[in-house]
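Read through the structure below, which is laid out as structure tokens, and then see the notes.
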């Protein structure tokens, strides 16, 4: 169908849309639930192909706008939701306009005449932190869809573009976007009490089976264009330290000065070896470094990490473990990866290069690999090493994670998963950065393989409940 035929088709079905939608209420409710999870509160949202505006209204955005090719659909949307803005328009010939945090194309790309051009036009309404969310149906379901139409269980529609996930990834790259994460939804799109819940919430999320779901979705971001040469974001490096007296001076001496300013924040956690006094001595001995000292009120590494992050003043926030098994000299790599736009959240990976002798025990290696695979599945982004303490993110993103903590609650004793889960919930692009992991030169590990292994399993079950099985 040509574009004018598509316009006429939607004008003709506009008055019937609500009736058909009510007939397939379960499907539409699940799509709205998915988008409600992906789009945080307080965001500005543009919906392309908004039809009568139900999805946009369900998201309740701080600022919302819908566009659709069909003027009849737009008339109905304005009547239903007068507080939102709706305009008749063609995504394949957008005009420059206000940038939105989120742009949604739900069940739209199958109708587009030129998908690459349409996606490329979205740059006119995005900023560098915008996210594009696309939902589209799995073409394996085409025979089932046609049968449902013949039985008058769903509204008839024209034949649509056949786009596999790899096709859409390619078109996004060609149009200047990159996929952040993707997933699937709805193995059984009809509501039967209990059966639909079990199949769609749990079975549909399992490896291999998930590929049979009716709906594919993905989140994409504009490809980074790089920072201006004169842009030098400031940095805060948070170093939680408990019984690490022998590593404190090396941490300061070996940590390079980089960015516009490098702030070092030590958070000391009830040490018994004189770590706090050593931090005070090192600070006095190095007046050329911007060093802040904090004494932990609560207990556990997670509490120390959050205390340091909350007090940091830099544009970029980093965490460095005081055992120095991650070389401080590598932190500029994290800075370059983040400031160049290669990722929104830089995660340290110790499992690429050969490990230094005695830096990690064999059982820990297998545990790290297992949890890497598990969290890659849970978060729908590839994460090779979830247990490395070194991470880097923008302070502005950390503030969003902190504001959204009520979604997850106070659950993380380590400090890593609060950030990883929050980054995934915000659709930040998580990028692994390999480092050469080194053995300790002072002190002993504070990790208990079995106790902490059990805690990590609890983190997995927690993520299943809060992120995966929704």
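Would you mind stating whether residue 252 is at pLDDT 95 or above, assigned by TED's automatic domain parsing to the domain that holds residue 285, on the phi < 0 side of the Ramachandran plot and not in a loop (DSSP other than H, G, I, E, B)? Talk me through it step by step, then tell me what you get.
Values: at pLDDT 95 or above: yes; assigned by TED's automatic domain parsing to the domain that holds residue 285: yes; on the phi < 0 side of the Ramachandran plot: yes; not in a loop (DSSP other than H, G, I, E, B): yes.
Taking the combined requirement at face value, the residue satisfies it.
Counting only residues that are part of a strand (DSSP E or B) and within 17 Å of the chain's Cα centre (by Cα), which one in the range 313-352 is surrounded by the most Cβ atoms within 10 Å (Cβ to Cβ)? Please lay out each step first, then the result.
Start the filter on the range 313-352 by keeping residues that are part of a strand (DSSP E or B), which leaves 316-319, 345-349.
Okay, now just the ones that are also within 17 Å of the chain's Cα centre (by Cα), so 345-348.
Details: 345: 24, 346: 24, 347: 24, 348: 27.
Across the range 313-352, the extreme among qualifying residues is 348.
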Quiz item: How many residues are touching a strand residue (DSSP E or B) at 6+ places or on another chain (Cβ under 9 Å), part of a helix (DSSP H, G or I) and at pLDDT below 95 when one looks only at the range 12-47?
Solution: 0
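Here are some residues: 105, 163, 122. Which one is at pLDDT 90 or above, touching a strand residue (DSSP E or B) at 6+ places or on another chain (Cβ under 8 Å) and not in a helix (DSSP H, G or I)?
Result: 105 is the single residue among 105, 163, 122 that is at pLDDT 90 or above, touching a strand residue (DSSP E or B) at 6+ places or on another chain (Cβ under 8 Å) and not in a helix (DSSP H, G or I).
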Exercise. Identify the residue in the range 203-223 that is in a loop (DSSP other than H, G, I, E, B) and in contact with a helix residue (DSSP H, G or I) (Cβ under 6 Å, 6 or more places away or on another chain) and, among all such residues, is surrounded by the fewest Cβ atoms within 10 Å (Cβ to Cβ).
Key: 214
Quiz item: Between a first residue in the range 126-151 that is farther than 29 Å from residue 102 by Cβ and a second residue that is outside any strand (DSSP E or B), which pairs have beta carbons less than 7 Å apart while being 6 or more apart in sequence or on different chains?
Solution: 148/154; 149/156
Quiz prompt | Residues of the range 362-414 satisfying the condition of being modelled with pLDDT of 85 or more and farther than 27 Å from residue 312 by Cβ | solution = 373, 374, 376, 377, 378, 380, 382
Quiz item: Can residue 417 be described as modelled with pLDDT of 95 or more, within 14 Å of the chain's Cα centre (by Cα) and either in the same structural domain as residue 309 (by TED's automatic domain parsing) or more than 26 Å from residue 248 (Cα to Cα) (or both)?
Solution: no
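Only one residue in 171, 151, 147, 212 is out of contact with any strand residue (DSSP E or B) (no Cβ under 6 Å at 6 or more places or on another chain) and within 30 Å of residue 466 (Cα to Cα). Which one? I'd like the intermediate steps shown before the answer.
Working: 171 fails: within 30 Å of residue 466 (Cα to Cα); 151 fails: within 30 Å of residue 466 (Cα to Cα); 147 fails: within 30 Å of residue 466 (Cα to Cα).
Testing whether each residue is out of contact with any strand residue (DSSP E or B) (no Cβ under 6 Å at 6 or more places or on another chain) and within 30 Å of residue 466 (Cα to Cα) leaves just 212.
Could you list, in sequence order, the residues of the range 54-65 that are farther than 21 Å from residue 218 by Cβ, touching a strand residue (DSSP E or B) at 6+ places or on another chain (Cβ under 9 Å) and buried (at least 19 other Cβ atoms within 10 Å of the Cβ)?
Applying the first criterion (farther than 21 Å from residue 218 by Cβ) to the range 54-65 yields 54, 57, 60, 62-65.
Filter once more, so that each one left must be touching a strand residue (DSSP E or B) at 6+ places or on another chain (Cβ under 9 Å): 57, 62-65.
Within the range 54-65, 57, 64, 65 qualify.
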Self-check item: Residues that are free of Cβ contacts under 8 Å to residues at least 40 places away in the same chain and farther than 25 Å from residue 118 by Cα, drawn from the range 152-163
Solution: 152
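For the range 371-394, which positions are part of a helix (DSSP H, G or I) and in contact with a helix residue (DSSP H, G or I) (Cβ under 9 Å, 6 or more places away or on another chain)? Spell out the reasoning first.
Our first condition is that a residue be part of a helix (DSSP H, G or I); within the range 371-394, this holds for 371-379.
Listed by number, the residues that qualify are 371, 374, 375, 377, 378, 379.
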Quiz item: Any residue in the range 157-171 that is crowded, with 17+ Cβ neighbours inside 10 Å, in the same structural domain as residue 212 (by TED's automatic domain parsing) and under 26 Å from residue 19 (Cα atoms)?
Solution: yes
Quiz item: Out of (1) in contact with a helix residue (DSSP H, G or I) (Cβ under 8 Å, 6 or more places away or on another chain); (2) over 30 Å from residue 14 (Cβ atoms), what's the single condition that is false for residue 200?
Solution: (2)
Quiz prompt | Residue identified as out of contact with any helix residue (DSSP H, G or I) (no Cβ under 7 Å at 6 or more places or on another chain), modelled with pLDDT of 95 or more and either in a helix (DSSP H, G or I) or surrounded by fewer than 20 Cβ atoms within 10 Å (Cβ to Cβ) (or both) among 298, 308, 226, 246 | solution = 308
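Quick one: count up the residues across the range 66-98 that are more than 19 Å from residue 111 (Cβ to Cβ) and either more than 30 Å from the chain's Cα centre (by Cα) or surrounded by 14 or more Cβ atoms within 10 Å (Cβ to Cβ) (or both).
Start the filter on the range 66-98 by keeping residues that are more than 19 Å from residue 111 (Cβ to Cβ), which leaves 75, 78-85, 95-98.
Still in the running and either more than 30 Å from the chain's Cα centre (by Cα) or surrounded by 14 or more Cβ atoms within 10 Å (Cβ to Cβ) (or both): 75, 78-82, 84-85.
Matching residues across the range 66-98 total 8.
The values are calculated or read from the model by the stated rules, or taken from the named source; none is laboratory data. In this text, all values refer to a predicted model and were calculated from it rather than measured experimentally. All Cβ positions, glycine included, derive from the backbone under ideal geometry; neighbour counts span all protein chains shown.
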